[in-house]
Amino acid sequence: MARAGQVGGTATADRPTLPAPTSRGGHSTQTATVPQEARQGGAAPRKVAVVTGAGSGIGRAVAHALIAAHWTVVLAGRRAEALAETSRLAGPVDAGGPAILTVPTDVTRPDQVDALFAAARERFGRVDLLFNNAGTFGRPAPLEELAYEDWRAVVDVNLTGSFLCAQAAFRAMKAQDPQGGRIINNGSVSAHAPRPHSIAYTATKHAMTGLTKSLSLDGRPYGIACGQIDIGNAATEMTGRMQTGILQANGELAVEPVMDAADVARTVVHMAALPLAANVQFATVMATNMPYIGRG
């Protein structure tokens, strides 16, 4: 199933410390806290987004679309070099334009998630949006052959990592002035219908729907909106097998259509741009002819 910002490997407590945050546009990441970036001519402050899994795929596409829509963006992911490439591909930063901050982050580590949001708030003063995107499909395997370590690796990233990022964003949005913000969770059409040999991924994507609903309810008193985008067959590094043949529910292999990740990114930007009084609770964006409706 199409997912963005894959974070491969098993989450363990002995991962090395990730590099320090870096920023573009000549700004130091060690500046004192500021309310928000100053805007020329007294214009409204630029909104600040945190995008996890930003080093590739849908995370990269969404980061670029937000930057093009004049958001300041904090890029998070495990691979510092991939984040730097996302930043480079966004193009040059103009004076007064959107800033980009890269913060290497393992979303399965509470201390690193806390450091991510602390860096965002220290540099930009607030967090207006979290695109909760980091995830992994894991190793496809028959249920009886799935190793515990493989199960745990998917759950740690897709569910625990999403919870940790949402919790940190919620705390920041509740505490800031003006209060509030938006969380958009990257679900999947697997939140509705599974693929064969995908029990860990499918279980975490069903759990993402529960996370989204709980965040929506708990965020109401604080102006925090939460929605979910369920994505099917976006053309990323993770969907190459869609175009060579992937196992179907009837046991056959079939090539599946894919769509441009930019189409997903435009949908996320639309959801993000709504006033906090309005919310897209659930949206499904998929390749029109993929075998999802009627799957199985």
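None of the figures in this text is laboratory data; all of them are computed from the coordinates on show. Just so we're clear, the structure is a prediction, and the values are computed from it rather than from any experiment. Neighbour counts are summed over all protein chains in view; Cβ atoms, including those assigned to glycine, are modelled from backbone coordinates with ideal geometry.
A few comments on the model shown:
- Peptide packing for 212-223, 248-259, 64-75, 79-90 was compared via the average number of neighbouring C-beta atoms within 10 Å per residue; ordered from the highest value, the list is 64-75, 79-90, 212-223, 248-259.
- Additional length obtainable on full extension of the chain from residue 150 to residue 118, 0.36 nm per residue less Cα span: 8.4 nm
- Spatially, the range 61-96 and the range 127-192 are offset by 20 Å when compared through their Cα centroids.
- Pairwise FRET efficiency - residue 89 versus residue 274, Cβ, R0 = 35 Å, nearest 0.05: 0.85
- Separation of the residue 222 and residue 206 label points, Cα + 7 Å toward Cβ, nm: 2.9 nm
- Per-pair calculated FRET efficiency, R0 = 41 Å: residue 281 and residue 247 via Cβ, rounded to 0.05: 0.85
- Whole-Å semi-axes of the ellipsoid equivalent to the range 44-286 (Cα gyration tensor, √5λ, descending): 29, 19, 17
- Positive-end residue of 293, 270, 202, charge dipole of the range 183-296 with Cβ unit charges: 202
- Across all directions, the shadow cast by the convex hull of the range 157-232 built on its C-alpha atoms averages 4.8 square nanometres.
- Cut-off 18 Å, label 7 Å out along Cα→Cβ of residue 254, residues of the range 262-296 by amide N: 286-296
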